[in-house]
Amino acid sequence: MSRTVLVLNGPNLNMLGTREPATYGHETLADVDALCQRSAATLGLEVEFRQTNHEGVAIDWIHQARGRCAAVVINPGAWTHTSIALRDALSAAELPVIEVHISNVHAREEFRHHSYISGIAVAVMAGFGTNGYRLALEHVGHLLNNKKG
Ligand code: DQA
């Protein structure tokens, strides 16, 4: 059984560390990758950590995860609030999805309160900073360890 987790980051997350640090902190995406790799090692998971600014590329990667990965941890960035296509891709992948937001989107502008992804996610992390990725991976480990069959 696969223990590979696709950790997928959407638009503008390549700018982490320099982008609005008051909201997103000072850690870079490379720091988040390293955090995920460390967490995965302790949980017996393998992480494929990716980022793209192109929605079609993200959708292709999600399709390729189907039947190969055990779960998808996704920070969809602004696509959270706009993309039915991303939601449909995640549904089609038939994998557990955990949605991660560094900031607490519910304490921010009204347009960030709605997520197209949450309805098909098994869990949502928001406002835990980059620690949300680690918590999401812990939950994936928990799900896989308790999976029957
Ligand atoms: C974000 C929140 C989104 O509203 C925003 O568009 C992002 C980052 C977060 O991690 O807090 O790009 O997903």
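Evaluation of Gly77 against the conditions (1) on the phi > 0 side of the Ramachandran plot; (2) open to solvent by 70 Å² or more (accessible area, probe 1.4 Å) shows that the sole unmet condition is (2). Of all the residues in segment 120-130, those that are within 12 Å of the ligand (Cβ to nearest atom) and outside any strand (DSSP E or B) number 4.
Scanning for something under 16 Å from Tyr116 (Cβ atoms) and either in contact with a strand residue (DSSP E or B) (Cβ under 8 Å, 6 or more places away or on another chain) or of a type outside the set (Phe, Trp, Tyr) (or both), does segment 9-25 turn up at least one residue? There is at least one residue in segment 9-25 that is under 16 Å from Tyr116 (Cβ atoms) and either in contact with a strand residue (DSSP E or B) (Cβ under 8 Å, 6 or more places away or on another chain) or of a type outside the set (Phe, Trp, Tyr) (or both).
In segment 37-74, the qualifying residues are those that are surrounded by fewer than 17 Cβ atoms within 10 Å (Cβ to Cβ) and among the small types (Gly, Ala, Ser), and the one that is nearest to Ile117 (Cα to Cα) is Gly56. The combined condition, being among the β-branched types (Val, Ile, Thr), within 13 Å of the ligand (Cβ to nearest atom) and surrounded by fewer than 20 Cβ atoms within 10 Å (Cβ to Cβ), is fulfilled by Thr23.
Entry remark, segment 132-149: residues being assigned to a helix (DSSP H, G or I) and in contact (Cβ under 8 Å) with a residue 60 or more places away in the chain number 9 in total. The one condition from (1) without any contact (Cβ under 8 Å) to a residue 60 or more places away in the chain; (2) within 15 Å of the chain's Cα centre (by Cα) that Val5 does not meet is (1).
Would it be correct to say that Gln64 is under 15 Å from the mean Cα position of the chain (by Cα) and not β-branched (Val, Ile, Thr)?
Details: under 15 Å from the mean Cα position of the chain (by Cα): no; not β-branched (Val, Ile, Thr): yes.
The answer is no for Gln64.
Looking at segment 92-105, can you tell me whether even one residue there is touching a Phe, Trp or Tyr at 6+ places or on another chain (Cβ under 8 Å), among the β-branched types (Val, Ile, Thr) and surrounded by fewer than 17 Cβ atoms within 10 Å (Cβ to Cβ)? First the steps, then the outcome.
Taking segment 92-105 and keeping what is touching a Phe, Trp or Tyr at 6+ places or on another chain (Cβ under 8 Å), we get 100, 102-103.
Filter once more, keeping what is among the β-branched types (Val, Ile, Thr): 100, 102.
Next, only the ones that are surrounded by fewer than 17 Cβ atoms within 10 Å (Cβ to Cβ) stay: none.
The answer is no, given that none of the residues of segment 92-105 is touching a Phe, Trp or Tyr at 6+ places or on another chain (Cβ under 8 Å), among the β-branched types (Val, Ile, Thr) and surrounded by fewer than 17 Cβ atoms within 10 Å (Cβ to Cβ).
Take the residues in segment 110-119 that are part of a helix (DSSP H, G or I), within 13 Å of the ligand (Cβ to nearest atom) and open to solvent by less than 70 Å² (accessible area, probe 1.4 Å), then tell me which one is farthest from Glu138 (Cα to Cα).
Arg112
When segment 83-109 is examined, which residues are found to be within 10 Å of the ligand (Cβ to nearest atom), among the polar types (S, T, N, Q) and in contact with a helix residue (DSSP H, G or I) (Cβ under 9 Å, 6 or more places away or on another chain)?
Ser103
The values are calculated or read from the model by the stated rules, or taken from the named source; none is laboratory data. Keep in mind the model is a prediction, meaning the values are calculated, not measured. Note that we place each Cβ from the backbone using ideal geometry, even for glycine, and neighbour counts take in every protein chain shown. Note: accessible area is taken over every heavy atom of the protein model, side chains too, but ligands, DNA and RNA are not part of it. Shrake-Rupley method; radii C 1.70, N 1.55, O 1.52, S 1.80 Å.
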